[in-house]
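*Asks:* Take a look at the following structure, please.
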Amino acid sequence: MDPDPVTTRPHPQPTSDQSPGSPSRGVLSRHVAGSSWLTVLAFAIVAVPFAIILIRFLLASGQHVYLPDDLALIDLHTREALRWKQELGVFDRNNWNHPGPSYFYLLSLFYRLLGSGARAEFFGASFINALASLACVWAVRRRSTPIRALWAALWIGLLMGLLAATGAGSTTYSEGALGALASPWNPMIVILPLVLFTILCAAAMDRSTMSLVGALLVGTFIVQTDISTFPLVATLFAVATLTWLTTLLGDRTRAIPSDVRRTPRWWVAGGMILFAAMWTPPVIEQLTNHPGNFTLIYRFFAGNHPGQTFHAALWSVVAANGMIVGGPSEIMSSILGGSPRHSAITVMAWIVVMLVGMAVTSIGLRQHIRFASGLGALSLLGCGATVVAVTHVIGPIFGYLVAWEIAMPIAALIGLGMVGWDRSAPPSRLPPRLRPRIRRVTSNIPLRLALCAVSILVGTVVSVRVSELPALSTASDPTVAKLDSLVTPHLSRQHRVFVGDNGVQPLLLGVEQFIGLVNHLDEQGYHPKVNAAWRSQFGTSYLATGQEESTVELSPWSDAVAQRSGYVGRVENIAVTITGPVGRAG
């Protein structure tokens, strides 16, 4: 690991933690502040909870999980990625798709190992979150000290604990009962990668070429998975790139950091090749379809749609920041735009986070610690960019549309631990009267021991919390299971089947179950097809051609429908009619 250029001591010398007359205190200082076990502890705090989640998924029972709605679509399109046929991202409710399929191709790696289905989907999503969290700690450790890496792990752990919340107020129908930390739902899967993206952008501002390439790839994954993050990602990456160029080419007052000097060209070349590969499928889709998905996205955002007022957008971002106090339940069960729940606490949390961002930026600049000042400045810019993004939301501002903004206050709080006085740092612009105080605070051994204790406590609490998450089977939708058991005995895998939605689509419950049924039929090899109204959800390869041998028609139940030829039964308010060569059930 390359040491942080700010904290590197070129010559051994006594610090404020030790003096020539107190050797025992010097030993304690080295063990608390510089030992490798602190780095191990930082990684363990993040890794252990995810290890528990992953092991639980691996040991999940063989009971089949019937996924509904968005989770079913993610499952279906990941199987398309297994066949190298997926070109676009997740379906959006405005009848276009998120820009790219990177998320599906990442998930497909776990499908190849574990087989198709919910277990691989939830395992893959949790593994992606684990990689992002560990990479956050690694990136901080690469540019600073073990104790600062532990500080970053503390806040990553707290975020994990918040996302591990379950219950009606913390989740939506698309996430299921397992909470956001393990959820494959695209608005949730980008939260921890956004924290990593911000840290990499801050490192790039300190002239790290490898971090800039990493930010490009992680930012591409985030935007392709959830386009609502585009204003934030584009703003942060543009600032990081401009600062990287300016400082690398124009600032000769300091030595070039070792990770800049040692970045092999093949790293950059490999990153650019991967970047091009990530955008190749959506470009092909755009060129081979009329209109292509990029055209649909452009038409939607360029159209004269009534968006949100600045006031509503600002309150929405304030509410999203409130997640740092109350967790996802602060926003997931409500429509945003006005005064948030627990408004006094939420507003206070937002004010504190903004002050932290400004303080980190200011102190980092004064101390010439670009990494710290970058984290502070980017968190503030990200908050502003999110407000701009929310002004373009059409219709109600649901909590999941801005939940990912929680990454910005976490980045600011991580940055708070990156500032501090060090004798080997360049001359500080801080007032001389403040320098001894800062030195005493940042070298205080009891304070560092307290940080270790709090970090261990947080890691333990999060581990216990994830061990109590509901079983994977709770994500199964019983209505989809009943529809499947009613339909499949009358179908043959040798025949293509058209699944129609005669009157079901306007009913929200019916839409969720319709999608779940089509996904499960596809998983079992029944080759389901749908009508053109479902093009955005399923893609062109699932559109009916009129040559399907069997037809499954779902419609609202009524006495008249029950008298139709081919009627096979009813599931809740959904009537099922099957016609085709396999036969009919009376």
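The values are calculated or read from the model by the stated rules, or taken from the named source; none is laboratory data. All values derive from a computational prediction rather than experimental measurement. Because the Cβ atoms are built from the backbone with ideal geometry, glycine has one as well, and the counts that use them run over all protein chains shown.
*Asks:* Report, ordered by the first and then the second residue, all pairs with beta carbons closer than 8 Å, sequence separation of six or more or different chains, a first member in region 291-306 that is free of Cβ contacts under 8 Å to residues at least 60 places away in the same chain and in the same structural domain as GLU87 (by TED's automatic domain parsing), and a second member that is part of a helix (DSSP H, G or I) and of a type in the set (D, E, K, R).
*Replies:* These pairs meet every condition: PRO291/ARG299; GLY292/GLU285.
*Asks:* If you don't mind, another one. Could you list, in sequence order, all residues of region 335-357 that are assigned to a helix (DSSP H, G or I) and surrounded by fewer than 15 Cβ atoms within 10 Å (Cβ to Cβ)?
*Replies:* Across region 335-357, the qualifying residues are SER343, ALA344, ILE345, MET348, ILE351, LEU355.
*Asks:* Regarding LEU401, is this residue in the same structural domain as ALA149 (by TED's automatic domain parsing) and either farther than 27 Å from ILE335 by Cβ or free of Cβ contacts under 8 Å to residues at least 60 places away in the same chain (or both)? Show your work before the answer.
*Replies:* Working: in the same structural domain as ALA149 (by TED's automatic domain parsing): yes; either farther than 27 Å from ILE335 by Cβ or free of Cβ contacts under 8 Å to residues at least 60 places away in the same chain (or both): no.
Considered against the rule, which asks whether it is in the same structural domain as ALA149 (by TED's automatic domain parsing) and either farther than 27 Å from ILE335 by Cβ or free of Cβ contacts under 8 Å to residues at least 60 places away in the same chain (or both), LEU401 comes out as no.
*Asks:* Answer yes or no: is there a residue in region 298-311 that is surrounded by 14 or more Cβ atoms within 10 Å (Cβ to Cβ) and of a type in the set (A, V, I, L, M).
*Replies:* Looking for residues that are surrounded by 14 or more Cβ atoms within 10 Å (Cβ to Cβ) and of a type in the set (A, V, I, L, M), one finds none in region 298-311, hence no.
*Asks:* All but one of (1) under 15 Å from the mean Cα position of the chain (by Cα); (2) over 28 Å from THR39 (Cα atoms) hold for ALA164; state the number of the condition that does not hold.
*Replies:* (2)
*Asks:* So which of LEU113, LEU106, LEU150 ends up being within 15 Å of the chain's Cα centre (by Cα) and either of a type in the set (Lys, Arg) or in the same structural domain as THR235 (by TED's automatic domain parsing) (or both)? Walk me through it before giving the result.
*Replies:* On the way: LEU113 fails: within 15 Å of the chain's Cα centre (by Cα); LEU150 fails: within 15 Å of the chain's Cα centre (by Cα).
After applying the criteria, what remains is LEU106.
*Asks:* Let me ask something else about it. So, ALA51, is that one within 28 Å of ILE445 (Cβ to Cβ), modelled with pLDDT of 95 or more and assigned by TED's automatic domain parsing to the domain that holds ALA450 or not?
*Replies:* no
*Asks:* Let me ask something else about it. What's the number of the condition THR263 fails, among (1) modelled with pLDDT under 90; (2) part of a helix (DSSP H, G or I)?
*Replies:* All conditions pass for THR263, except number (2).
*Asks:* Of the residues LEU274, LEU287, only one is farther than 23 Å from PRO187 by Cα, in contact (Cβ under 8 Å) with a residue 40 or more places away in the chain and either assigned by TED's automatic domain parsing to the domain that holds ARG207 or outside any strand (DSSP E or B) (or both); which? If you could, list the steps in order and put the result at the bottom.
*Replies:* Working: LEU287 fails: in contact (Cβ under 8 Å) with a residue 40 or more places away in the chain.
Going through LEU274, LEU287 in turn, just one is farther than 23 Å from PRO187 by Cα, in contact (Cβ under 8 Å) with a residue 40 or more places away in the chain and either assigned by TED's automatic domain parsing to the domain that holds ARG207 or outside any strand (DSSP E or B) (or both): LEU274.
*Asks:* Regarding region 402-416, can at least one residue be identified that is assigned to a loop (DSSP other than H, G, I, E, B), modelled with pLDDT of 90 or more and crowded, with 19+ Cβ neighbours inside 10 Å?
*Replies:* First, pick out the residues of region 402-416 that are assigned to a loop (DSSP other than H, G, I, E, B): 402.
Restricting the remaining residues to those that are modelled with pLDDT of 90 or more gives 402.
From the residues that got through so far, the ones that are crowded, with 19+ Cβ neighbours inside 10 Å too are 402.
So far as region 402-416 goes, yes, one or more of its residues are assigned to a loop (DSSP other than H, G, I, E, B), modelled with pLDDT of 90 or more and crowded, with 19+ Cβ neighbours inside 10 Å.
*Asks:* Also, quick follow-up: Picking from VAL552, VAL466, which residue would you name as being in contact (Cβ under 8 Å) with a residue 12 or more places away in the chain, closer than 26 Å to ASN95 by Cα and either crowded, with 22+ Cβ neighbours inside 10 Å or out of contact with any Phe, Trp or Tyr (no Cβ under 7 Å at 6 or more places or on another chain) (or both)? I'd like the intermediate steps shown before the answer.
*Replies:* On the way: VAL466 fails: closer than 26 Å to ASN95 by Cα.
Sole residue among the options that is in contact (Cβ under 8 Å) with a residue 12 or more places away in the chain, closer than 26 Å to ASN95 by Cα and either crowded, with 22+ Cβ neighbours inside 10 Å or out of contact with any Phe, Trp or Tyr (no Cβ under 7 Å at 6 or more places or on another chain) (or both): VAL552.
*Asks:* Assuming THR198 fulfils every condition listed in (1) of a type in the set (S, T, N, Q); (2) under 28 Å from LEU375 (Cβ atoms); (3) part of a helix (DSSP H, G or I); (4) at pLDDT below 95 apart from one, which condition is it?
*Replies:* (4)
*Asks:* Can you find a residue in region 562-582 that is more than 40 Å from the chain's Cα centre (by Cα), of a type outside the set (A, V, I, L, M, F, W, C) and in a helix (DSSP H, G or I)?
*Replies:* There is no residue in region 562-582 that is more than 40 Å from the chain's Cα centre (by Cα), of a type outside the set (A, V, I, L, M, F, W, C) and in a helix (DSSP H, G or I).
*Asks:* When only residues in region 210-258 that are in contact with an Asp or Glu (Cβ under 8 Å, 6 or more places away or on another chain), part of a helix (DSSP H, G or I) and modelled with pLDDT under 90 count, which is farthest from ALA403 (Cα to Cα)?
*Replies:* Checked region 210-258; the qualifying residue farthest from ALA403 (Cα to Cα) is SER258.
*Asks:* Right, here's the next one. Among (1) under 20 Å from LEU236 (Cα atoms); (2) over 11 Å from the mean Cα position of the chain (by Cα); (3) hydrophobic (A, V, I, L, M, F, W, C), where does LEU134 come up short?
*Replies:* Answer for LEU134: the failing condition is (1).
*Asks:* Kindly evaluate LYS529 against the criterion of being at pLDDT 90 or above and either in a strand (DSSP E or B) or of a type in the set (Phe, Trp, Tyr) (or both).
*Replies:* On the way: at pLDDT 90 or above: yes; either in a strand (DSSP E or B) or of a type in the set (Phe, Trp, Tyr) (or both): yes.
Here the answer is yes, as LYS529 does meet what is asked.
Quick grid of which residues meet (1) more than 30 Å from GLN367 (Cα to Cα); (2) in a helix (DSSP H, G or I); (3) small (Gly, Ala, Ser); (4) modelled with pLDDT of 90 or more:
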{"site": "LEU430", "(1), (2), (3), (4)": "no, no, no, no"}
{"site": "PRO436", "(1), (2), (3), (4)": "no, yes, no, no"}
{"site": "ARG440", "(1), (2), (3), (4)": "no, yes, no, no"}
{"site": "ARG448", "(1), (2), (3), (4)": "no, yes, no, no"}
{"site": "ARG465", "(1), (2), (3), (4)": "yes, yes, no, yes"}
{"site": "SER485", "(1), (2), (3), (4)": "yes, yes, yes, yes"}
{"site": "VAL511", "(1), (2), (3), (4)": "yes, yes, no, no"}
{"site": "LEU517", "(1), (2), (3), (4)": "yes, yes, no, yes"}
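*Asks:* Could you tell me whether ILE369 is at pLDDT below 90, of a type in the set (Val, Ile, Thr) and surrounded by 19 or more Cβ atoms within 10 Å (Cβ to Cβ)?
*Replies:* Details: at pLDDT below 90: yes; of a type in the set (Val, Ile, Thr): yes; surrounded by 19 or more Cβ atoms within 10 Å (Cβ to Cβ): yes.
So ILE369 passes the test.
*Asks:* Can you tell me which of SER228, SER183 is small (Gly, Ala, Ser) and closer than 23 Å to TRP155 by Cα? Explain how you work it out, then say what you get.
*Replies:* Numbers: SER228 fails: closer than 23 Å to TRP155 by Cα.
That would be SER183, the only listed residue that is small (Gly, Ala, Ser) and closer than 23 Å to TRP155 by Cα.
*Asks:* Does PRO281 satisfy being buried (at least 17 other Cβ atoms within 10 Å of the Cβ), assigned to a loop (DSSP other than H, G, I, E, B), touching a helix residue (DSSP H, G or I) at 6+ places or on another chain (Cβ under 9 Å) and of a type outside the set (A, V, I, L, M)? Write out each step before concluding.
*Replies:* Details: buried (at least 17 other Cβ atoms within 10 Å of the Cβ): yes; assigned to a loop (DSSP other than H, G, I, E, B): no; touching a helix residue (DSSP H, G or I) at 6+ places or on another chain (Cβ under 9 Å): yes; of a type outside the set (A, V, I, L, M): yes.
Criteria not met by PRO281.
*Asks:* Taking the options VAL325, VAL317, name whichever one is in a helix (DSSP H, G or I), closer than 26 Å to GLY89 by Cβ and in the same structural domain as SER379 (by TED's automatic domain parsing).
*Replies:* On the way: VAL325 fails: closer than 26 Å to GLY89 by Cβ.
That would be VAL317, the only listed residue that is in a helix (DSSP H, G or I), closer than 26 Å to GLY89 by Cβ and in the same structural domain as SER379 (by TED's automatic domain parsing).
*Asks:* Follow-up. Output the qualifying pairs, or none if there are none: Cβ atoms under 8 angstrom, residues six or more apart or on different chains, first residue in region 120-135 and free of Cβ contacts under 8 Å to residues at least 40 places away in the same chain and assigned by TED's automatic domain parsing to the domain that holds PRO184, second residue surrounded by fewer than 20 Cβ atoms within 10 Å (Cβ to Cβ) and basic (Lys, Arg).
*Replies:* The qualifying pairs do not exist here.
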